[in-house]
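Notes for the one structure printed next.
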Amino acid sequence: MSSNINVKRLNSKDAGFREILLSSLSLPSADDEAIDAAVVKILAAVKDKGDEAVLGFTKQFDRLNVASVSDLEISRKDLELAYQSLTAEQKNALDIAAQRVRAYHERQKTETGCHSWEYEEKDGTRLGQKVTPLDRVGIYVPGGKAAYPSSVLMNAIPAKVAGVAEVIMVVPTPDGARNPLVLAAAYLAGVDRVFTIGGAQAVGALAYGTKTIPSVDKIVGPGNAYVAAAKRRVFGTVGIDMIAGPSEILVLCDGSTPPDWVAMDLFSQAEHDEQAQSILLCPDAQYIEQVQASINQLLPEMPRAKVIEASLTNRALLIQVNDMSEACEIANAIAAEHLEICAADPRQWADQIRHAGAIFMGNYTSESLGDYCAGPNHVLPTARTARFSSPLGVYDFIKRSSMIEVSEAGAQTLGAVASTLAHGEGLQAHARAAEMRLKK
């Protein structure tokens, strides 16, 4: 049995190709205003009424009717029990994934300047940088169409590696259904408190704080359109990691990879939701046909076939290019969340990539390995924001303070410079403050 989906085809030689491509990357915005209006009301209610609003929205959206927000908190003991309830295979997989994610982020901490430093000038002036972790962070873990224990690891572990004192996790549990893998991941990652709330109301509670839920300094983690809109609204009151859109995968292929592998890699993001986007760039027209045939052959086997079919029908692209160099050029314009390079010499082409959330090199590096256990973070910039954004990392959970200790000798030199510049700006008090420290 096979399906009969015809994924949209493009050719880089087509007239108006770039305009068609960029329009295919954007999402329809018809619902944005309605979502934003709903989120504004939810956030205002949570800010004004706290626990009462959180309880009301949790009852309305997740069908949980409890007496207090305290009843929505899961204790550390219950998290441990969830971990102990897993099968040996599940425990082992979660343990290995957590160890690899932690090891990668420990290395990232030492390699990316996430530490304090200082140097001394000849006159005794000392300059430097003090790095300190955030005090409290909120992590949002999706819990609607699927459960994501991997998201718990990816959000909580770098926060703990950075030294964040308290990690508060929120996760929706519609109808009270708790996923033991998600809770076990929270236990392994060292999450301090867990509340079974979701949506814009959870974001509001973390941002503003309630009687039961403490306010945080930063909110990280992906969610649905309401969560994204809420994060955008509370930014400034708290920090956020990014505004996450639907998942994306872009595959650059020279035709040397089994087409079934590439088709399944395209499925791996399409199965997230109907708005996810899967794109193939390849110079070989015959190979593109083979991937299309694999899509139709493999789709009926997939448990989430309906979601995959909707995603591929509405958002997927199979694009024929002139050569792999052009594929890299187009990939930089797309700036995808996940970029696979399925080619005989992947590093040759990776050197030409400037914009991508994560780059997966070689035929054996499926994107799904990055999602779960390779080590690098799977919270990645979407919707072309990889042009200016980075994956979630230890650096997202620290802040830097400049350190300045000017010696008496240094004040003579710097004071004269500051005085001249301050007078030039018409700020006499600035100038006088520097001049008072000059020797007569």
Of all residues in the range 342-365, count the ones that are surrounded by 18 or more Cβ atoms within 10 Å (Cβ to Cβ), touching a helix residue (DSSP H, G or I) at 6+ places or on another chain (Cβ under 6 Å) and not hydrophobic (A, V, I, L, M, F, W, C).
-> 2
Do you know which residues across the range 48-59 are in a helix (DSSP H, G or I), touching a residue at least 40 places away in the same chain (Cβ under 8 Å) and not charged (D, E, K, R)?
-> A53, V54, F57, T58
Output for Cβ contacts, cut-off 7 Å, separation at least six or different chains, first residue more than 15 Å from S402 (Cβ to Cβ) in the range 120-136, second part of a strand (DSSP E or B) and of a type in the set (K, R), reads E120/R126; L134/K218; L134/K399
Within the set of pairs 6+ apart or on separate chains, which have a first residue in the range 254-275 that is under 12 Å from A310 (Cα atoms), a second that is among the small types (G, A, S) and surrounded by fewer than 22 Cβ atoms within 10 Å (Cβ to Cβ), and C-beta atoms under 7 Å apart?
-> E274/A310
V394 vs. criteria of a type in the set (V, I, T) and touching a Leu at 6+ places or on another chain (Cβ under 9 Å) | no
When you go through (1) under 25 Å from I20 (Cβ atoms); (2) crowded, with 18+ Cβ neighbours inside 10 Å one by one for T257, which number turns out not to apply?
-> (1)
Expected single match for crowded, with 20+ Cβ neighbours inside 10 Å and among the basic types (K, R) among R315, R304 is R315
Of all residues in the range 381-405 being assigned to a strand (DSSP E or B) and charged (D, E, K, R), which is nearest to L250 (Cα to Cα)?
-> K399
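Results for (1) crowded, with 24+ Cβ neighbours inside 10 Å; (2) farther than 29 Å from G113 by Cα; (3) touching a residue at least 60 places away in the same chain (Cβ under 8 Å); (4) not assigned by TED's automatic domain parsing to the domain that holds C328, shown as yes or no for each residue.
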position: K160; (1), (2), (3), (4): no, no, no, yes
position: P180; (1), (2), (3), (4): no, yes, yes, yes
position: D192; (1), (2), (3), (4): no, no, yes, yes
position: D217; (1), (2), (3), (4): no, no, yes, yes
position: G236; (1), (2), (3), (4): no, no, no, yes
Answer yes or no: is there a residue in the range 49-70 that is among the acidic types (D, E) and not assigned by TED's automatic domain parsing to the domain that holds A207.
-> no
Might you let me know whether the range 342-354 holds any residue that is touching a residue at least 12 places away in the same chain (Cβ under 8 Å) and under 18 Å from V7 (Cβ atoms)?
-> yes
When you look at L43, is it in the same structural domain as L280 (by TED's automatic domain parsing) and either surrounded by 13 or more Cβ atoms within 10 Å (Cβ to Cβ) or outside any loop (DSSP other than H, G, I, E, B) (or both), yes or no?
-> no
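Yes/no per residue for (1) at pLDDT 95 or above; (2) in contact with a Phe, Trp or Tyr (Cβ under 8 Å, 6 or more places away or on another chain); (3) not assigned by TED's automatic domain parsing to the domain that holds W261:
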| residue | (1), (2), (3) |
| --- | --- |
| D351 | yes, no, no |
| A356 | yes, no, no |
| M361 | yes, no, no |
| Y364 | yes, no, no |
| E367 | yes, yes, no |
| Y372 | yes, no, no |
| G393 | yes, no, yes |
| D396 | yes, no, yes |
| G410 | yes, no, yes |
Inspect the range 207-221 for any residue being β-branched (V, I, T) and modelled with pLDDT under 95 and give the result as yes or no.
-> no
The range 377-402, residues that are surrounded by 14 or more Cβ atoms within 10 Å (Cβ to Cβ) and among the hydrophobic types (A, V, I, L, M, F, W, C) = V379, L380, A383, A386, L392, V394, F397, I398
The range 98-128, subset at pLDDT below 95 and surrounded by fewer than 17 Cβ atoms within 10 Å (Cβ to Cβ), residue farthest from L206 (Cα to Cα) | W117
Which residue out of L299, L281 is outside any loop (DSSP other than H, G, I, E, B), of a type outside the set (G, A, S) and within 27 Å of P381 (Cβ to Cβ)?
-> L281
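The values are calculated or read from the model by the stated rules, or taken from the named source; none is laboratory data. Everything numeric in this text was worked out from a predicted model, so none of it was measured. Backbone-built Cβ (ideal geometry, glycine too); neighbour counts: all protein chains shown.
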